[in-house]
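The values are calculated or read from the model by the stated rules, or taken from the named source; none is laboratory data. Here the structure is a predicted model, which means the values were calculated and not measured. Ideal geometry is used to build each Cβ from the backbone, glycine not excepted, and the neighbour counts take in all protein chains shown.
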Amino acid sequence: MIANSDFLNSVWPDPDAAGFSAADALPADVDVDELRRVRAVFAKVFAPSAPNKEGLDRSGLPELLPHADSPKIEWDPVVYVVGHDPDTFAEGTEKAFGAPKSLVMRYAQRNWEEYNEGLTRLSKKGKSEVVIAEGCDHFVQRDGPEIVAGLIREMIAEVGA
């Protein structure tokens with residue numbers, strides 16, 4: 001979850017907003033009606049106020065965590081940020097939600113990259129860059145458990161445990 005996002009207006013452009021230009025905002029294979037449909041799907045599933053299978057209330061996240069890179073974690077833990085493979089993520093999002101891959105790459109992926117970069121600055125310890133889990137969709141722990149296990153081993157070695 002991009003905590004500082006409403007996952008609608010902060011990710012997907014609003015085709016009904018003043019100044020919106022489909023020619024500037026949309027990939028060649030996406031029209032305004034498709035964008036509206038994608039926005040509706042993501043609002044229903046991912047908006048902070050949307051009900052979720054986990055039963056978590058995400059409605060206050062943007063206020064609690066308004067920036068990916070702050071506040072800094074006071075005790076300075078080792079932080080590794082693992083990002084999904086952009087192409088695998090776009091393909092999976094297209095399959096699961098019907099969002100065209102080109103639209104996912106232009107908007108959702110860009111937002112994930114910016115958010116993840118911010119997370120790498122929460123601590124001075126750990127990796128200063130996002131680790132991309134090649135071939136993994138958004139749930140890296142499901143698609144690449146060996147990647148996660150390897151990073152956990154690396155992190156344990158780094159803290160000297």
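G83 satisfies every condition listed in (1) modelled with pLDDT of 95 or more; (2) under 16 Å from S10 (Cα atoms) except (2).
Report whether or not A50 is of a type in the set (A, V, I, L, M, F, W, C), within 18 Å of S10 (Cβ to Cβ), assigned to a loop (DSSP other than H, G, I, E, B) and touching a residue at least 24 places away in the same chain (Cβ under 8 Å). In short, no.
If you filter region 114-141 down to residues that are assigned to a helix (DSSP H, G or I) and touching a residue at least 40 places away in the same chain (Cβ under 8 Å), you find that the one that is surrounded by the fewest Cβ atoms within 10 Å (Cβ to Cβ) is E114. Looking across region 92-113 at every residue that is in contact (Cβ under 8 Å) with a residue 40 or more places away in the chain and more than 19 Å from S10 (Cβ to Cβ), the one that is surrounded by the fewest Cβ atoms within 10 Å (Cβ to Cβ) is identified as G98.
Count of region 58-87 residues, restricted to those that are assigned to a loop (DSSP other than H, G, I, E, B) and polar (S, T, N, Q), is 1. Could you tell me which residue of region 110-161 is nearest to the chain's Cα centre (by Cα), considering only residues that are among the polar types (S, T, N, Q) and over 30 Å from A96 (Cβ atoms)? The residue in question is S128.
Within region 60-85, the residues that satisfy the criterion of being surrounded by 13 or more Cβ atoms within 10 Å (Cβ to Cβ) and farther than 30 Å from E158 by Cα are L61, P62. Scanning region 132-142 for any residue that is at positive phi and modelled with pLDDT of 95 or more turns up at least one such residue. The set of residues in region 30-50 being modelled with pLDDT under 95 and not hydrophobic (A, V, I, L, M, F, W, C) consists of K44, P48, S49.
A Cβ distance below 9 Å, combined with a sequence gap of six or more or placement on separate chains, defines the contacts here; from region 1-21, residues that are under 12 Å from Y107 (Cβ atoms) reach residues that are part of a loop (DSSP other than H, G, I, E, B) and of a type in the set (D, E, K, R) in the pairs L8/D14. In the set L56, L61, only one residue is hydrophobic (A, V, I, L, M, F, W, C) and in contact (Cβ under 8 Å) with a residue 60 or more places away in the chain; that residue is L61.
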